[in-house]
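Just so it is clear, none of the values below were taken in a lab; they were calculated from the coordinates. All values derive from a computational prediction rather than experimental measurement. Every residue, glycine as well, gets a Cβ built from its backbone with ideal geometry; the counts of neighbours run over all protein chains shown.
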Amino acid sequence: MVRGGPRLDHGRRQELGQSFQDGGRHYQQVRPGYPEESARWLVPPDAREALDAGAGTGKFTELLLDMGLAVTAVDPSADMLEQLRAHYPAATAVQATAEATGLPAAAFDVVSVAQAWHWCDALAASTELARVLRPHGTLGLIWNQLDTSVPWVHRLSRIMHAGDVYKADFRPVVGPEFRGLEGHVTHWQDRVSTTDLVELTKSRSYYLRAGETTRAKVLANLDWYLHDHLGHSLEEELELPYLTLTWRAFKA
């Protein structure tokens, strides 16, 4: 269906992943949530307990809580979890990774990994998440991506270095512990101002790891594109098209 994030070697994945260790408040403020449809498609109707791995500030955790699930949220960043605890106190927050959760075996009906699987070692994470899932439990992998089939959004994504590239034959890698991998796409729009788009760019790993010269160039290009080329005014609200790609597989 679609590329679920950058293709990275282990060293580069760790380097970029470190960019999210801080800045949890900014991430919570500027990153979009997820459409309810994606969670409804993913979560089995009889599920009661969920693990949200790589939960960040709790963007997907919120949907799981709204569905009445008992949620444990895991993330390696203390800064991100601080925001999650503040906004979603009903969730149990644990500082850990998807590869080593430290949680009891067979404790969850469903495990979600939203906007984080490409930062994981997919095979090691598959083994660990299968361990904490009950028999026939569900693994869900979720990505928000800018809808680059829309021309102005495609150019925006290039300026932002967002890495959203549609590939019809993509399937995320999961370990042999899982079977029946299938995908679902939700089209939706997020209402944002041009200032929001600038802040969204600042939350991307490319920007966070860049030097000051590169950051200034990105922001100058973005300012020109939004305000000069497209002619939007400061604080004007736009409908930003997204795709949410949701994959599910079942514990073998």
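Computed over the chain, the quotient of the alpha carbon radius of gyration and 2.2 N^0.38 Å is 0.99.
For Lys202, the lysines whose Cα falls under 22 Å of its own Cα, not counting residues fewer than eight places away in the same chain, are Lys59, Lys217. Counting only DSSP beta bridges whose two residues both lie in the chain, roughly 55 percent are antiparallel. Among residues other than Tyr207 with Cβ under 12 Å from its Cβ, the summed charge is +3 (Lys and Arg +1, Asp and Glu -1). For the range 136-226, trypsin sites (Lys or Arg not before Pro) are listed when DSSP marks them as loop and at most 14 other Cβ atoms sit within 10 Å of their Cβ; the list is Lys167.
Hey, what number do you get for the chain at 222 nm if only DSSP H runs of n ≥ 4 count, each worth -39500 (n - 2.57), divided across all residues, to the nearest 500? Result for the chain, helices only: -9500 deg cm²/dmol. Here the spin labels are modelled as points 7 Å beyond Cα on the Cα-Cβ line, and at Arg209 and Ala100 they lie 2.2 nm apart.
If you restrict to DSSP beta bridges whose two residues both lie in the range 32-135, what percentage is antiparallel, to the nearest 5? So the antiparallel bridges in the range 32-135 amount to around 5 percent. Once both labels are positioned 7 Å from their Cα atoms along Cα-to-Cβ, the gap between Arg191 and Ala252 label points is 4.7 nm.
Out of Ala216, Ala249, Ala107, whose Cα points farthest toward the positive end of the dipole of the chain (charges: +1 Lys, Arg; -1 Asp, Glu; placed on Cβ)? So the residue we want is Ala249. Site pair Val150 and Ala216 shows an inter-label distance of 3.2 nm when each label is modelled 7 Å from Cα along Cα→Cβ.
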